[in-house]
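Engineer: Below: one structure in structure tokens.
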Amino acid sequence: MIVKNLDCLSIPKELKKVEIEIYEDFYIYLIQIDGFGYALHSNKGDNRSNLYVLKTDFLPSDYVLDENYDEKKQFITIVKRLLFNLYENLKIKESKKMQEEYVFIHLMDLLETGQYEIITKDYDLYSLIEEGVIKLVIDTLKNEVNDLKTIVNNEDS
């Protein structure tokens, strides 16, 4: 029997949120989840479809290190998706659009320099992030169980 306290799926009581205005009241938010990773979110459209949860040990100061290239690239890819969704159906010149790498670096710099807002359970975004973290943890556990089943089945063959 495996017993788990539901606190194992909890996130910290306070999260650090930074934001950058992309275009006329459209924002991208980066939320640091201590001990877990990050969430990237935009305020355009459905909250659920604009939330990405990343499990990582990556720190805001780590983006300048060469050995973190793959994680940095994953962050930038998600920022690119959020930017694409924000700019969709907007009539703005290409030269006015922000580049994904700039947005990523600026968000990380804001976190690193302490220019963040604390969000707690009183925020809708907090609950959405908590739900995303729980789903990610459950999916990760399912994948680990399936991997173990595959290993066991291969050894039995």
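The values are calculated or read from the model by the stated rules, or taken from the named source; none is laboratory data. Here the structure is a predicted model, which is why all the values come from computation and not from measurement. Here the Cβ positions follow ideal geometry from the backbone for every residue, glycine too, while neighbour counts run over all protein chains shown. Accessible surface is based on the protein model in full, side chains and every heavy atom, while ligands, DNA and RNA are left aside. Shrake-Rupley method; radii C 1.70, N 1.55, O 1.52, S 1.80 Å.
Engineer: For the chain, what is the mean residue ellipticity at 222 nm derived from helices alone (per DSSP H run of n ≥ 4: -39500 (n - 2.57); sum divided by total residues; nearest 500 deg cm²/dmol)?
Structural biologist: Calculated mean residue ellipticity at 222 nm is -14500 deg cm²/dmol.
Engineer: Please give the length that would be gained between Gln115 and Asn153 if that part of the chain were fully extended, namely 0.36 nm times their separation in residues minus their C-alpha to C-alpha distance (nm, one decimal).
Structural biologist: 8.6 nm
Engineer: Report the charge-dipole magnitude of the chain in Debye, nearest 20, computed about the Cα centre from +1 at each Lys and Arg Cβ and -1 at each Asp and Glu Cβ.
Structural biologist: 500 debye
Engineer: Can you tally the net charge around Lys135? Count Lys and Arg as +1, Asp and Glu as -1, for every other residue whose Cβ sits under 14 Å from the Cβ of Lys135.
Structural biologist: Computed value for this residue: 0.
Engineer: Sticking with this structure for a sec: Please report how many Lys pairs in the stretch 1-106 have alpha carbons closer than 21 angstrom, counting only residues at least 8 apart along the chain or sitting on separate chains.
Structural biologist: 26
Engineer: Something else: Expressed as a whole percentage, what fraction of the accessible surface of the stretch 68-129 belongs to carbon and sulfur atoms when a 1.4 Å probe is rolled over the protein heavy atoms?
Structural biologist: Exposed carbon and sulfur together represent 47 percent of the surface.
Engineer: Take the alpha carbon atoms of the stretch 72-94, find their center, do the same for the stretch 108-133, and report the distance between the two centers in whole angstrom.
Structural biologist: 20 Å
Engineer: Which residues does the label zone of Arg48 cover in the stretch 135-150, counting backbone N under 15 Å from a point 7 Å along Cα→Cβ?
Structural biologist: Of the residues in the stretch 135-150, 135-136 have backbone N under 15 Å from the label point off Arg48.
Engineer: Where only protein heavy atoms count, and the probe is 1.4 Å, what is the accessible area per residue for the chain in Å²?
Structural biologist: Normalised by residue count, the accessible surface of the chain is 66 Å².
Engineer: Further question: If you average 1/r across every pair of different Cα atoms in the stretch 61-152 and take the reciprocal, what Kirkwood value do you get, in Å?
Structural biologist: About 16.6 Å, per the Kirkwood formula over Cα pairs.
Engineer: Consider a paramagnetic label point 7 Å from the Cα of Glu101 along Cα→Cβ; state which residues of the stretch 24-60 have an amide N under 14 Å from it.
Structural biologist: Residues passing the 14 Å test: none.
Engineer: Ok, one more. For a quick check of your reading of the filter: which trypsin sites (Lys or Arg not before Pro) in the stretch 11-43 sit in a DSSP loop and have no more than 16 other Cβ atoms within 10 Å? Walk me through the numbers on the way to the answer.
Structural biologist: On the way: sites: Lys13, Lys16, Lys17; in loops: Lys13.
Qualifying residues, ordered by number: Lys13.
Engineer: Taking each pair of different alpha-carbon atoms in the chain once, compute 1/r for the pair, average those values, and report the inverse of that mean as the Kirkwood hydrodynamic radius in Å to one decimal.
Structural biologist: Computed over Cα pairs of the chain, the Kirkwood hydrodynamic radius comes out at 17.2 Å.
Engineer: What nm distance separates the two modelled labels at Leu90 and Asp34, each placed 7 Å from Cα along Cα→Cβ?
Structural biologist: It is 3.3 nm.
Engineer: Given contacts defined as C-alpha pairs under 8 Å and at least six residues apart, what's the relative contact order of the chain, whole-number percent?
Structural biologist: Relative contact order, the chain: 26 percent.
Engineer: Ok, one more. Would you kindly work out the equivalent ellipsoid of the stretch 28-74 from its C-alpha gyration tensor and give its semi-axes, the square roots of five times the eigenvalues, largest first in whole Å?
Structural biologist: 22, 11, 9
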